[in-house]
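Take a look at the structure below.
The values are calculated or read from the model by the stated rules, or taken from the named source; none is laboratory data. Not measured: the values here are computed from a predicted model. So basically every Cβ, Gly included, is an ideal-geometry build from the backbone, and we count neighbours across all protein chains shown.
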Amino acid sequence: MTLQLERLAAPTTHARLLAWVREVAELTQPDAVQWCDGSEAEWERVTTQMVRTGTLIRLDPLARPNSFHARTDPDDVARVEDRTFICSADEADAGPTNHWVDPAEMKTTMTELYRGSMRGRTMYVIPFCMGPLDAHEPRFGVEITDSPYVVASMKIMTRMGSAPLAAMTADGDADFVPCLHSVGAPLEPGQADVPWPCNATKYIAHFPEERAVWSYGSGYGGNSLLGKKCYSLRIASVMAHDEGWLAEHMLILRLISPEGRRYHVAAAFPSACGKTNLAMIQPTLPGWRAEMIGDDIAWMRVGEDGRLYATNPENGLFGVAPGTGWTTNPNAMRTMESGNSLFTNVAVTDHGDVWWEGMTSIAPRRATDWQGRAWTPEDDTPAAHPNSRFCTPISQCPVLADDFDSPTGVPIDAILFGGRRASTVPLVSQARSWQHGVFMGATCSSETTAAATGEVGLVRRDPMAMLPFIGYHAADYLGHWLSMAGREGVRLPEVFYVNWFRKSADGRFLWPGFGENSRVLAWITQRLDGAVGAVESPAGLLPEPGDLDLRGLDTDQDTVARAVAFDADEWREEVPRIEEWFASLGPRLPAALHEELETLRSSLA
Ligand code: GTP
Ligand code: SPV
Ligand code: MN
């Protein structure tokens, strides 16, 4: 069947976009092409259609208004880092931490995969903008996909539809990042569809010079919602390097002290290591308040006053469900309560509500697990997949900052790096300088989680929590971070390293975490104000005994002391691992980082 594109009255005159849409349609051969307008009617249409095809279950409207659950294919549940490629023209530019394939070769391979891949399906064209439309330079993208799940998710996660499309031609044809996605499951005439079409062959390919993304075979999250990790981190990190700004895997948070002082914090933790939770923190310290600006991605630029200003390019939350509950993250629970949400791979109760481990202290007596099987609390498998997610409009968050949409962003006072480390890394330490802070970020390490396929719990270096998201050579990326200090008139934030996940010998968390992390944040603000001193250690500046406000905390002093402690023996074991990591980054690694490592080594001697 040949598609009569001419008859599909495209709602734009954007020449490059029209040409690309035509070219993709000719290659992938969908039954129909639909330009997404982002309207409620469109949401209604695609969700209703997905309920009909079995992709979505409509949840109980009283418990979860206008909300749905999706069960994915059991082999399509997380980002696939081993199938993610940075296809730079020169292999050396992808660096040692990325998988590389020559761009021409990748395009040849993927073009053959895309040929006819949308047969029997609708091809959706999703115009979107990362960040507000009134940004100084709005960053447009267009995702072409054959997945209605992607359409619904992109409506939640981005500014999508008619408004960005109109803005793309308001002032001549604007540039945009083309993002091509197919689940890779064409339907022959008469062939019945499955609830979650996908393909065992998966490619998540990035063309950094061309600023383009091609994704094939997966319908899941970061593999398919291409505005998120693919554009706003991998492609944007290359843009940021070339244009002198930072595209980071960070939450953005405003803290307000009892005296009404405002502080802005950006924090980089690896996937499933606490960004969404810290972004929505409900401080336990009396009088403190917090507001969320972003929970996953921060774009940071030096402002006219020399400070670093952060904006959140996203418009929704794609949060880890397990562990999210009324005691740990009440603000996330309230955000979802308003409905308008898509849940993926959680459990569904007999009442048509969702459930996951950690949502309530008592599990439902029975439920349907993420694979659609009957489940009871006696089963040894979890009801929800460990990487199950809620996808919810950010506007529903009760602690969203009212200037979240500001195109200039907020001035960052402190940058936090962190990870999931059962040992070694103290609860909090402050960098002695920007260079030391970049060293902290560069040597950050964390246990792997279910957010990506592969083994869970392995400690790996994850520089600035960006290991899977740096779109170019990691050593050049670290050099770019260092270079920020050389900018004229710049006043950079203070840098801190935190670890909520240190454990006792018997495997229990030493620090209670969640809302109690406000105690650490309060100490950080006191350091920013010069209100408290600090203890020098080879790992950085540590709180002086008594300076962490522990009033009302029901963890005993000894346990807290072990969470905060610097342990020289553990750090001596860390040094060769850092050495090995730096060696793996090769000769492009900036000398300043080798110097910091020498300083660490000699201070431990
Ligand atoms: P991505 O969305 O994958 O990037 O993850 P994230 O960094 O936003 O992590 P999130 O806040 O969703 O937390 C991941 C898991 O860590 C959840 O199960 C949380 O309950 C748990 N968690 C978050 N903060 C803390 C903390 O302070 N202490 C402990 N012990 N667990 C935490
Ligand atoms: C992450 O893995 O960091 C996520 C989920 O936020 S995904 O969108 O799948 O990347
Ligand atoms: Mn998150």
### Task
Given the conditions (1) surrounded by fewer than 23 Cβ atoms within 10 Å (Cβ to Cβ); (2) among the small types (G, A, S); (3) touching a residue at least 24 places away in the same chain (Cβ under 8 Å), report the number of the one that A192 does not fulfil.
(3)
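Results for (1) touching a helix residue (DSSP H, G or I) at 6+ places or on another chain (Cβ under 9 Å); (2) within 15 Å of ligand 1 (Cβ to nearest atom); (3) not assigned by the TED database to the domain that holds G131, shown as yes or no for each residue.
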position: H385; (1), (2), (3): no, yes, yes
position: C391; (1), (2), (3): yes, yes, yes
position: P407; (1), (2), (3): no, no, yes
position: V410; (1), (2), (3): no, no, yes
position: A414; (1), (2), (3): yes, no, yes
position: G419; (1), (2), (3): yes, yes, yes
position: A422; (1), (2), (3): no, yes, yes
### Query
If we only count strands (runs of 3 or more DSSP E) wholly inside the range 239-339, which ones have 3 or more residues that are within 13 Å of ligand 3 (Cβ to nearest atom)?
250-256, 316-320
### Message
Among the residues of the range 334-356, are any closer than 30 Å to H241 by Cα and in contact with a Pro (Cβ under 6 Å, 6 or more places away or on another chain)?
### Response
no
### Message
List pairs: first residue in the range 49-66 and surrounded by 15 or more Cβ atoms within 10 Å (Cβ to Cβ), second residue assigned to a strand (DSSP E or B) and small (G, A, S) anywhere in the structure, Cβ distance under 9 angstrom, at least six positions apart or on different chains.
### Response
M50/A70; T55/A70; L56/A70; I57/A70
### Message
Any residue at all in the range 252-262 that's surrounded by 24 or more Cβ atoms within 10 Å (Cβ to Cβ), within 16 Å of ligand 2 (Cβ to nearest atom), modelled with pLDDT of 95 or more and not assigned by the TED database to the domain that holds A205?
### Response
yes
### Query
Can you tell me which of W500, W481, W511 is within 30 Å of V399 (Cβ to Cβ), within 16 Å of ligand 3 (Cβ to nearest atom) and of a type in the set (F, W, Y)?
W500
### Query
Among (1) crowded, with 18+ Cβ neighbours inside 10 Å; (2) farther than 22 Å from A10 by Cα; (3) of a type in the set (F, W, Y), which single condition is F140 missing?
(2)
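Answer yes or no: is there a residue in the range 203-222 that is within 16 Å of ligand 3 (Cβ to nearest atom), in the same structural domain as I86 (by the TED database) and out of contact with any Lys or Arg (no Cβ under 7 Å at 6 or more places or on another chain).
yes
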### All positions within the range 509-523 that are more than 10 Å from ligand 1 (Cβ to nearest atom) and among the charged types (D, E, K, R)
R519
### Query
Quick one: which of T559, T555 is hydroxyl-bearing (S, T, Y), within 16 Å of ligand 1 (Cβ to nearest atom), farther than 21 Å from W434 by Cα and part of a loop (DSSP other than H, G, I, E, B)?
T555
### Query
What is the number of the single condition among (1) more than 18 Å from G219 (Cα to Cα); (2) assigned to a loop (DSSP other than H, G, I, E, B) that R119 does not meet?
(1)
### Task
Taking A240 as the residue in question, decide whether it is of a type outside the set (K, R) and at positive phi.
no
### Task
Please find, within the range 267-290, the residue that is nearest to P330 (Cα to Cα) out of those that are within 16 Å of ligand 2 (Cβ to nearest atom) and over 13 Å from the mean Cα position of the chain (by Cα).
M280
